[in-house]
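Below: the structure, in C-alpha cells.
Since every read-out is calculated from the coordinates, none of them should be taken as a lab result. Please read these numbers as outputs of a predicted model, since none were measured by experiment. Cβ sites come from the backbone with ideal geometry, for glycine too, and all protein chains shown count toward neighbours.
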Amino acid sequence: MLNQCSSKSDRIRVLILAEQANPSWVSVPFVGWCHATALGKLAHIHLVTHARNKEAILKSDFPKDQVTFIDLGFFDRLLKWLYTNMTRIPGGGQVTYTAFKIPFYYLFEFYAWRLFRKQLKSGVFDIVHRITPVSPAMPSLFVKRCHAVRVPFIIGPLNGGLPWPKGFAHILKKEREWLSYLRKLHTLLPYAKSTRKCASAIILGSRATWNEMPKKFLSKCFYYSENGITDDLLSLSTLSKPEFKTSPLRIAFAGRLVPLKGVDLIVRAASQLILEKKIHLDIIGDGSERRYLEELVQTGHLSDGVTFHGWLLRDQVFSILSKSHVFAFPSIREFGGGAVIEAMALGLVPIVVDYGGPAEIVTPETGFILPLTTTDDLIQSLQNVFRNLIDHPNILNTFSVAAKKRIEDHFTWAKKAEKTLAIYNYLLGRQPEKPGFSPTNMK
C-alpha cells in the first residue's frame, strides 16, 4: 500500500491546474476531472480550470469553494473561431490545433498566477500540480515562478511525441498532420526550458514520452498512464454477455472515426465472417470517415452485421461494450488508449497494434498485439485473430478474466491517485525513498 496522509488535518494542500477538466466530456477533459477528483480524496485540493467547464462542474458534487474558473473572454472566442476554421488551414490537424492553443494556454496560466501568487508566496499550498494539458509540447510559465517561491511543481502525466509509423504516410496525409514533422520546435518556445529544468517532478504517461525526455531530467521523472477507470465501471463487467456459440461473435470499436483509428481495417478483416453471420460489429463514434465506412459496409452487403451507433453518452457506450466479446482497436498512432482500458475493465478482449499507448496496456496474457507493418498485413492479422476466436471460444474467457484483473491492479483512478500522493510525499520529505514508477517496473 502506498503511503497516505494519516488524517485530514495533515493532508497535503495541492493547487491543481487542469485547464481541461470536465465530468461530462471524454478524452483529456475527463482524464483531468477524474485525476483531480481522485486526488481530492487523499489530499486537500483546489482546482483551477477553464470557465467552459463551469456548468458541468457546478452540477456535480465537487465542493464549490474548492474550484476557480478562468475566463479568457475575447481570447476564448478567438480560439473557438480558429478551431471552427481549422480545416481551411493546410495541415489543419490535431497537432496544428495544439500549436494554436499554446498562446491561449499561456494566458490561462498568467491569469491563474495573478489570482494565486499571494497564496503561493505565503505558503497556503504545499504543491502545485499541472494535470492538463497532457501534451509535452505545452510549456508552463507557472513552473519557474513556483521555483522562485520554493513551492514544488509537478507536471503530468504527459503523453505525446509518438512519431508517425513508417509506411503510413498516406494516413498522415488524410489526417492533415504535416506539422508533426516540425514538432520538436516546441523546445524553442518561451518557458519550454524552464518547464523541464524547474519542475520538481515530471510524470510521463508513455514509453515514447519517456524516451523523448533528455537524460539529464530522467532522475526527476516518474512513469504511469494518464488514463484510468472509475471503480464503479468494473462492476459492469459482471453483466452477462451473449454466448456466441449460438449467436455471432460481437466485436466493438469506440472512438473517433478518423483515418488513423483503422476502423476500415476492422470492416475489411471481418467482412467474410459478417456475411457468414459469425460476427456482428458495433461501431460507436463519429468523424470524417463515417460516410466512407458506411459506403464500405453497403458495398460489401454487410449492413445486417454492422451497426453504426454514432456518439453516445458514456452509460450507453458501456451498455453496448458490456454485451460485446472483443474490442478491436487497430489505431496506428495512439498516445494513451483510454478506450482500451475501459473495454478491458468491462471484460472485453482487446486487439491492438504494437505501437504507442495501447501496446503498453495490453499484454500477451490479456489480449492480442498485432505487428505494425503494412495495411494489408494488419487486415490479415485481424482476420486471423477473428477466426481463431471463433474456432476456439474458450480463449475469450481466459483473456477476459486476465484483462479485467490487469486493469484492477494498475489502472483505476484510485490507484493512480495513490501513486501521485507517493510522489507528493517524496518531494515534501514525508517519504524518504523515491517511488519506483518507471517503464522497467510497470509490466
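Data for the structure
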{"read-out": "Positive-end residue of Ile379, Pro350, His410, charge dipole of the stretch 328-443 with Cβ unit charges", "value": "His410"}
{"read-out": "Relative contact order for the stretch 231-409, counting Cα pairs under 8 Å that sit 6 or more residues apart, in percent", "value": "24"}
{"read-out": "Descending Cα extents along the principal axes, the stretch 231-409, whole Å", "value": "43, 36, 32"}
{"read-out": "Cβ crowding within 10 Å averaged over residues, with 315-322, 47-54, 151-158, 343-350 ranked highest first", "value": "343-350, 151-158, 47-54, 315-322"}
{"read-out": "Sum of side-chain charges, Gly156 neighbourhood, beta-carbon under 12 Å (Lys, Arg +1; Asp, Glu -1)", "value": "+4"}
{"read-out": "Cβ-based exposure ranking for Leu313, Leu17, Leu72, in which fewest neighbours within 10 Å come first", "value": "Leu313, Leu72, Leu17"}
{"read-out": "Two-site FRET efficiency, Lys434 against Glu408, from Cβ-Cβ distance with R₀ of 22 Å, rounded to 0.05", "value": "0.30"}
{"read-out": "Neighbour-count order for Cys221, Cys198, fewest beta carbons within 10 angstrom listed first", "value": "Cys198, Cys221"}
{"read-out": "Calculated FRET value between Leu78 and Ser24, using beta carbons and R₀ = 30 Å, to 0.05", "value": "0.80"}
{"read-out": "Distance (nanometres) between label positions extended 7 Å along Cα→Cβ at Trp311 and Asp10", "value": "4.7"}
{"read-out": "Cα-based equivalent ellipsoid of the chain: semi-axis lengths in Å, sorted from largest, via gyration tensor", "value": "38, 25, 20"}
{"read-out": "Hits among aspartates and glutamates - C-alpha to C-alpha of Lys64 under 19 Å, sequence gap 8 or more where chains match", "value": "Glu19, Glu55"}
{"read-out": "Out-of-range pairs (alpha-carbon distance over 30 Å; input Lys261/Lys404; Lys144/Lys215; Lys101/Lys323)", "value": "Lys101/Lys323"}
{"read-out": "Relative exposure of Tyr355, Tyr223, judged by other C-beta atoms within 10 Å (fewest first)", "value": "Tyr355, Tyr223"}
{"read-out": "Length-normalised contact order for the chain - Cα pairs under 8 Å, 6+ apart - percent", "value": "15"}
{"read-out": "Among Asn53, Ala328, Ile127 the positive-end extreme of the charge dipole of the chain (Cβ point charges)", "value": "Ile127"}
{"read-out": "Extension reserve of the Ser122-Lys54 stretch, reckoned as 0.36 nm per residue once the Cα distance is removed", "value": "21.7 nm"}
